[in-house]
Amino acid sequence: MNPSESSSWFAHETAVIDEGCSIGAGSKVWHFSHIMTGATLGEGCNIGQNVVISPEVVLGRNCKVQNNVSLYTGVTCGDDVFLGPSCVFTNVTNPRSAVVRRGQYAKTHVGEGASIGANATIVCGHDIGAFAFVGAGAVVTKNIPPFALVVGNPARHIGWMSTFGHRLEFDGSGRATCPESGQTYLFENGAVHLETP
């Protein structure tokens with residue numbers, strides 16, 4: 001699709017936008033990025049420079065994909081996901097150059113509001129929970145629960161984050177308050193969730 005064919009989204013002249021992809025209103029695709037046939041971008045997404053979005057990848061609304069990110073078939077993202085510079089998703093657990101494993105892609109879902117730091121690697125088949133926070137350079141080798149903060153290689157769970165991206169400190173009653181939003185969170189049965197008013 002030629003960028004001039006759509007007035008509802010923008011693509012830089014160096015971007016490659018294949019026929020048969022779907023790009024939501026207000027989205028922007030920057031220099032040297034490639035959106036492949038069958039990819040779906042929600043409304044208001046911002047795709048940085050030198051990004052590859054493969055067939056069947058789905059991004060929700062308002063996703064921010066920073067420079068040099070590779071999103072391969074099998075990856076889906078909810079709304080408001082942040083993917084930091086040069087992070088990468090794999091889609092085959094045992095790749096070999098001489099063995100064709102097309103069609104055997106493992107799926108990975110990144111939940112609403114999650115953030116993945118620069119240079120992180122997400123090994124396929126592991127989901128990232130809503131509002132989780134994956135630190136820069138982390139290597140994710142298992143599922144990450146909602147609101148979890150993980151760092152390192154392999155990624156290890158070291159705390160919990162608010163929807164606004166602040167580390168939560170729980171008191172003796174299992175409550176924590178986000179310093180920016182004032183929202184209260186509960187830690188119960190090994191999981192964190194927003195306290196309903």
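Just so it is clear, none of the values below were taken in a lab; they were calculated from the coordinates. These numbers were taken from a predicted model, which means no experiment stands behind them. Here Cβ is always computed from backbone atoms with ideal geometry, including for glycine, and neighbour counts include all displayed protein chains.
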Selection over the stretch 99-119 where residues are under 11 Å from the mean Cα position of the chain (by Cα) and not in a strand (DSSP E or B) yields a count of 5
In the stretch 120-129, residues that are in a loop (DSSP other than H, G, I, E, B) and under 19 Å from LYS64 (Cβ atoms) total 2
Condition set among the small types (Gly, Ala, Ser) and farther than 11 Å from PRO85 by Cα, scope the stretch 106-122, selection surrounded by the most Cβ atoms within 10 Å (Cβ to Cβ): answer is ALA114
Within the stretch 25-53, the residues that are out of contact with any Cys (no Cβ under 7 Å at 6 or more places or on another chain), buried (at least 22 other Cβ atoms within 10 Å of the Cβ) and either in a loop (DSSP other than H, G, I, E, B) or at positive phi (or both) are SER33, VAL51
Of VAL52, VAL57, the only residue that is of a type outside the set (Lys, Arg) and closer than 17 Å to PRO85 by Cβ is VAL52
In the stretch 90-137, anything touching a residue at least 12 places away in the same chain (Cβ under 8 Å) and of a type in the set (Val, Ile, Thr) is listed as THR90, VAL92, THR93, THR108, VAL110, ILE116, THR121, ILE122, VAL123, ILE128, VAL134
Residue hits (the stretch 174-197; buried (at least 17 other Cβ atoms within 10 Å of the Cβ) and small (Gly, Ala, Ser)) are ALA176
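A quick yes/no check of all residues on (1) crowded, with 20+ Cβ neighbours inside 10 Å; (2) over 12 Å from the mean Cα position of the chain (by Cα):
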| residue | (1), (2) |
| --- | --- |
| PRO55 | no, yes |
| GLY60 | yes, no |
| VAL69 | yes, no |
| CYS77 | yes, no |
| LEU83 | yes, no |
| VAL88 | no, no |
| ASN91 | yes, yes |
| ASN94 | no, yes |
| SER97 | no, yes |
Flagged pairs (Cβ under 8 angstrom, 6 or more apart or on separate chains; first in the stretch 149-172, under 19 Å from PHE82 (Cβ atoms); second in a loop (DSSP other than H, G, I, E, B) and of a type in the set (Ser, Thr, Tyr)) are ALA155/THR141; SER162/SER181; THR163/SER181; PHE164/SER181; LEU168/SER162
A careful count of residues in the stretch 151-173 that are exposed (fewer than 13 other Cβ atoms within 10 Å of the Cβ) and farther than 21 Å from ILE122 by Cα gives 4
